1. Over all directions, the average projected area of the alpha-carbon convex hull for the range 147-198 comes to how many nm²?
2. Would you list the P(r) distribution for the chain, with all Cα-Cα distances sorted into 5 Å bins from 0 and each bin expressed as a whole %?
3. Please give the charge dipole size of the range 51-209, origin at the Cα centre, charges +1 on K and R Cβ atoms and -1 on D and E Cβ atoms. Round to the nearest 20 debye.
4. Looking at the chain, do any whole DSSP H helices span at least 20 angstrom along their long axis by alpha carbon and average 1.0 or above on Kyte-Doolittle, and which?
5. Within a Cβ distance under 12 Å of residue 86, other residues only, what is the Lys/Arg minus Asp/Glu net charge?
6. Translational diffusion coefficient, Stokes-Einstein: compute it for the range 84-178 using the Kirkwood radius over C-alpha pairs as Rh, at 37 °C and 0.692 mPa s, and state it as an integer in µm² s⁻¹.
7. Along the charge dipole of the chain, which of 201, 69, 189 sits closest to the positive end, that is, farthest toward it, with unit charges on the beta carbon of Lys, Arg, Asp and Glu (+1, +1, -1, -1)?
Amino acid sequence: MNLKPVIFAAVRVVLYAIPVVASALIIKSDAGALASDGLKFGEGSLTEYMQEFYLLLTSLIFLLAGFTSKSHKAISYLMGGGALVALVRELDAYFDLIYHGAWFPVAMLLLVLTVILVIRKKTQIWENLEEFFTTPAFGTFIAGFLMVFVFSRLFGTKKVWMALFEVDQLEGMQRWVKNAVEEGSELFGYTLLFIAAVEFFVYVSRKLKK
């Protein structure tokens with residue numbers, strides 16, 4: 001009996017539990033403290049900072065996979081660039097210090113640059129995507145993507161929480177609860193995207209060794 005795959009899987013579970021637990025502890029910490037903006041789970045919360053940190057790591061790891069394997073540059077540009085665009089969107093409060101909506105042109109510039117880099121590797125992109133769809137990273141990536149951009153957005157809408165609290169407007173503690181759920185869901189989603197990036201990098205590295 002070959003125990004190598006079992007041990008490898010067990011190690012992955014333990015290692016991936018670390019960022020998941022860290023995210024849960026950060027949410028717990030924010031639940032008992034006001035952020036720098038005087039709100040719970042606001043722009044200055046640890047939860048927001050961790051979201052941005054995971055996005056940065058996700059981008060860097062995908063890009064590193066492309067530098068490690070020249071045959072995977074197209075997918076690394078696509079995923080890494082996409083994560084950077086999402087990061088700029090998350091940093092909108094800081095860009096608003098320049099002027100309201102300043103994040104948008106920066107995000108569009110990064111998006112255009114990403115598209116250009118991917119087009120330059122157009123001979124790889126479909127092959128890269130087809131291969132990515134078969135890796136363990138893909139399932140984790142889709143779960144994280146749907147958590148951040150679908151579930152958290154829908155579950156965090158005011159109408160849901162106004163119906164839950166039976167009020168016409170969210171105030172004080174009610175708004176904090178809504179923010180906790182929405183931002184907590186986003187953080188878990190970004191945690192999954194980070195794990196997906198690590199999974200893909202490990203996949204690429206193991207393939208090169210073979």
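1. With the hull built on Cα positions only, its mean projection is 3.4 nm².
2. Per 5 Å bin, starting at 0, the Cα pair percentages come out as 1, 7, 13, 16, 18, 15, 12, 8, 5, 3, 1, 0, 0.
3. The dipole of the range 51-209 has a size of about 760 debye.
4. Those that pass (Cα extent of 20 Å or more, hydropathy at least 1.0) are 4-31, 46-68, 103-120.
5. Cβ neighbours under 12 Å give a net charge of -3.
6. Stokes-Einstein gives a translational diffusion coefficient of 195 µm²/s.
7. Of the candidates, 69 comes out farthest on the positive side.
Every number here is computed from the coordinates shown, using simple stated rules; none is lab data. These numbers come from a predicted model, not from an experiment. Cβ atoms come from the backbone with ideal geometry, glycine included; neighbour counts cover every protein chain shown.
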